[in-house]
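The values are calculated or read from the model by the stated rules, or taken from the named source; none is laboratory data. Predicted, not measured: the structure shown is a model, and the values here were computed from it. Using ideal geometry, Cβ is built from the backbone for each residue, glycine included, and neighbour counts are taken over all protein chains shown. Note: accessible area is taken over every heavy atom of the protein model, side chains too, but ligands, DNA and RNA are not part of it. Shrake-Rupley method; radii C 1.70, N 1.55, O 1.52, S 1.80 Å.
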Amino acid sequence: VALVIAAHPDDPDFGAGGTAALYTQDGWEFHYLVCTNGARGTGDREMTRERLVPMREQEQRNAAQELGVTSCTFLGAEDGELDYDRAILGQIVREIRRLQPYAVFTHTPEIVHRNFFRAVEGEEAEYMGAINHRDHRIAGELATDAVYPTARDHLNFPEHLSVEGLETHNVHEVYFWGANDTNFTVDITDVLETKLRALARHESQFGDRMEEFGEMVRKRWKQDDGRYLESFLRIVLPF
C-alpha cells in the first residue's frame, strides 16, 4: 500500500502519477490524500469557488481512476492558506493509521526547486528553477512529521485507537518529489501517456490547452536517452 499526500488536486498526478500507474500494474494499492480544496486554482474570471471546489474534487477522482488509484480523500483546507496545524496533522496521521501504507509519497518541503524543468533546445540553462508553492512546502512538512514520529507514537492522537480502533503505524519508506537532491528514479516511459491522460482530466486547469501543455512537458521531461523519469528523494526509515 502507498499513500500519496499532496497539497492540491492535480499535485498527486504531477508528482507521482506515473509511479502510481506503473506500481499499480505490479500489484500495489495506491491512495491519494489531498490537503486543500483547490478553491483558487483558476484563471477564469467567470469561475466561482462554489463551482470550482466540487469540480476539482471530481477531476481528481477522474484522474485517479485513469491511473488505477484506489481512493481519494480530501481534507478541505483552504487553498493558499494551508498552515502547519495540529488538527490537520491529526487528519493526516489518521489516514496513515487507517491505510497502514508501506510507503508515502509527498512534496519536498524545500523552498526552491533548482531542477524544476530540463531546458529544451534554444534555452541557455540546462535547468530552470522555480519557487515551491507555500501549500506544497507545508503539505510536505506535515506529511513528514505525520510519518515520523507522530503516526508511530501511541500518545499522539490516542483517540484514533481508543475511539476508532486505529493502531499506530510505522511507514517504511518516504519519497519526496521536487527535491533538489534525488536518489531514486522510476522509469515511467511506458505509462507516460497514462499520466498525461490523468492530467487532462483536470479540465478546469488545462481546458483546451492540454495538447499544447502535453507537447511542452514531453520535451521537458524527456531524458537524453529518450526515457521519461519521475525522480524522488527516497528515505528508508530504520524501523
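In table form, for the structure just shown:
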quantity: Alpha carbon centroid spacing (whole Å) that separates region 19-39 from region 166-203; calculated: 8 Å
quantity: √(5λ) per eigenvalue of the Cα gyration tensor, region 139-184, largest first, Å; calculated: 27, 10, 7
quantity: Whole-percent carbon and sulfur share, accessible surface of region 129-203, 1.4 Å; calculated: 50 percent
quantity: Enclosed volume per residue, in Å³, of the convex hull spanned by Cα atoms of region 35-87; calculated: 94 Å³
quantity: Ellipsoid semi-axes in whole angstrom, largest first, where each is sqrt(5λ) of the Cα gyration tensor of region 164-207; calculated: 29, 20, 12
quantity: Hydrodynamic radius by Kirkwood, which averages 1/r over all alpha carbon pairs of region 154-239, in angstrom; calculated: 16.3 Å
quantity: Accessible-area value, VAL217, 1.4 Å probe, nucleic acids and ligands omitted, Å²; calculated: 0 Å²
quantity: Reciprocal of mean inverse Cα separation for region 14-59 (Kirkwood radius, Å); calculated: 12.7 Å
quantity: Full-stretch length increase - ARG134, ASN180 - with 0.36 nm per residue and alpha-carbon distance subtracted; calculated: 14.9 nm
quantity: Radius of gyration and Dmax over the Cα atoms of region 9-121, both given in Å; calculated: 15.4, 47
quantity: For the chain, calculated [θ]222 nm from helices alone, where every DSSP H run of n ≥ 4 adds -39500 (n - 2.57); calculated: -11500 deg cm²/dmol
quantity: Area projected by the alpha carbon convex hull of the chain, averaged over all directions, nm²; calculated: 13.5 nm²
quantity: Relative contact order, percent, the chain [alpha-carbon distance under 8 Å, six or more residues apart]; calculated: 26 percent
quantity: Where trypsin sites (Lys or Arg not before Pro) fall in DSSP loop in region 33-112, at most 12 other Cβ within 10 Å; calculated: ARG45
quantity: Antiparallel %, DSSP beta bridges [both residues in the chain], to 5; calculated: 40 percent
